[in-house]
Amino acid sequence: MKRSTLPIFVLLASTLLFTACDTTSSDEADELYVLRATDVEADPGTRDPQTGQLNSNNTFTLYSLSDNDIVLSSSETDPATRAADSASTSWDIGFKGTTIIFNGGTSGPGQAGAQIIEAAFGSVTEAPTAGYLQDGQNSECPGVVTPAGTFPGAPYAICTGDENGWYDYQPSANLITPIAGRTIVLKTATGAYAKLRILSYYKGAPSTPDPLSDEARYYTFEYVLQDNGSTDLSAN
C-alpha cells in the first residue's frame, strides 16, 4: 500500500505544478506592454543648398506593429518590390515626411483605419469601437501650409499640416514637433486595436531638436497593440 500511495501523491503534485505554470504563462500572455520604435526613416533626403529643395525617393516606409519592424523601407526603390509589399497586409502604418498612411482604403488592402483622440497616451485605456476613418475617407483635411505656399489637404485618415493632425509646424524655424495630448487610436491591417503616440520627428529623438543640425524625417514612437480582439489598451 505504501508503494502505491507515493506515486499517486507525486503525480498529483506534478499535475498541480504544471497547472500553476500554465496559468501563470496564460496571464503573462494577456498582459499589454508599451512598445517603442526608434528612428524609423520616413523618406529622408538631402536639401539643395541653393534652392532648399528636398531630394528624396518620395516613397513611404511601411511598418508592422505586430512585428515592431519595418516591412518596406523608403530607401527601397525597386517598383516590383514596392508594389508587392504595398499590396499585402503585412504592414499596418506608413511614413513619408509628416504624412502617415494606414493599410486600408486608398492606401492598402487591409482593414486599417485611424482617428486622433484629444487625450494623453497613458489615459487611453479603451479603444473606441466607432469613429475610425480609412485613407481616402477624411474629407475634412484643410490646406497644408509650407514655406513654398499653401496646398490642398490630402484625404488621409490623419490630416497633415500645422495642428491639423499629430504635429505642430513652426515655419520660422522649420521645426516639426508632436502635439502633446493627442493620441492616435487605430485598427491594424487585420483589424486589431492599437494606440500610438509620436515622440520625435528627428533622428536620435533629441529633447530639443535643432532643424539646422538634427536630421528630420525619422520617427520615434511608442504604441500598445491589443491582438486578442478586445478593445482593452491598458498597459503595464
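The values are calculated or read from the model by the stated rules, or taken from the named source; none is laboratory data. Computed from a predicted structure; not experimentally measured. Cβ: placed from backbone, ideal geometry, glycine included. Neighbour counts: every protein chain shown.
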Original post:
Of Ile179, Ile184, which residue is under 19 Å from Ala119 (Cα atoms) and either crowded, with 21+ Cβ neighbours inside 10 Å or touching a residue at least 60 places away in the same chain (Cβ under 8 Å) (or both)?
Top reply: Ile184
Subject >> From Asp78, Asp85, Asp92, residue being under 20 Å from Ile198 (Cβ atoms) and charged (D, E, K, R) >> reply: Asp92
Original post:
Which of the residues belonging to the stretch 191-236 are touching a residue at least 60 places away in the same chain (Cβ under 8 Å), among the polar types (S, T, N, Q) and part of a strand (DSSP E or B)?
Top reply: Thr220, Gln226
Original post:
Taking Asp162, is it surrounded by fewer than 17 Cβ atoms within 10 Å (Cβ to Cβ) and more than 24 Å from Pro109 (Cα to Cα)?
Top reply: no
Original post:
Of (1) assigned to a strand (DSSP E or B); (2) at pLDDT below 95; (3) within 17 Å of the chain's Cα centre (by Cα), Cys159 satisfies all except one. Which?
Top reply: (1)
**OP:** Please list, ordered by first then second residue, the pairs with beta carbon atoms under 7 Å, 6 or more apart or interchain, first in the stretch 103-123 and more than 15 Å from Gln137 (Cα to Cα) and in contact (Cβ under 8 Å) with a residue 40 or more places away in the chain, second of a type in the set (A, V, I, L, M) and surrounded by fewer than 22 Cβ atoms within 10 Å (Cβ to Cβ).
**Re:** Ile117/Val124
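Inside the stretch 125-142, can you point out the residues that are part of a loop (DSSP other than H, G, I, E, B), buried (at least 19 other Cβ atoms within 10 Å of the Cβ) and either in contact with a Ser or Thr (Cβ under 6 Å, 6 or more places away or on another chain) or without any contact (Cβ under 8 Å) to a residue 40 or more places away in the chain (or both)?
Ala127, Gln134, Asp135, Asn138
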Original post:
Is it the case that Thr190 is closer than 24 Å to Ser73 by Cα and of a type in the set (Val, Ile, Thr)?
Top reply: yes
**OP:** Could you check how many residues of the stretch 60-97 are touching a Leu at 6+ places or on another chain (Cβ under 6 Å) and either among the polar types (S, T, N, Q) or at positive phi (or both)?
**Re:** 1
Original post:
Applying the selection to the stretch 54-64, what residues are in contact with a Lys or Arg (Cβ under 7 Å, 6 or more places away or on another chain) and in a loop (DSSP other than H, G, I, E, B)?
Top reply: Thr59, Phe60
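Quick grid of which residues meet (1) exposed (fewer than 14 other Cβ atoms within 10 Å of the Cβ); (2) assigned to a loop (DSSP other than H, G, I, E, B); (3) modelled with pLDDT under 95:
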position: Val40; (1), (2), (3): no, no, no
position: Asp43; (1), (2), (3): no, yes, no
position: Gln50; (1), (2), (3): yes, yes, yes
position: Ser66; (1), (2), (3): no, yes, no
position: Thr81; (1), (2), (3): yes, no, no
position: Ser88; (1), (2), (3): no, yes, no
position: Trp91; (1), (2), (3): no, yes, no
position: Gln111; (1), (2), (3): no, yes, no
position: Ile116; (1), (2), (3): no, no, no
Subject >> Top-ranked residue of the stretch 203-229 - restricted to ones that are surrounded by 22 or more Cβ atoms within 10 Å (Cβ to Cβ) and under 22 Å from Ser74 (Cα atoms), ranked as farthest from the chain's Cα centre (by Cα) >> reply: Arg217
Original post:
Going by the conditions given, is Ile100 in a strand (DSSP E or B), modelled with pLDDT of 95 or more and over 28 Å from Ser139 (Cα atoms)?
Top reply: no
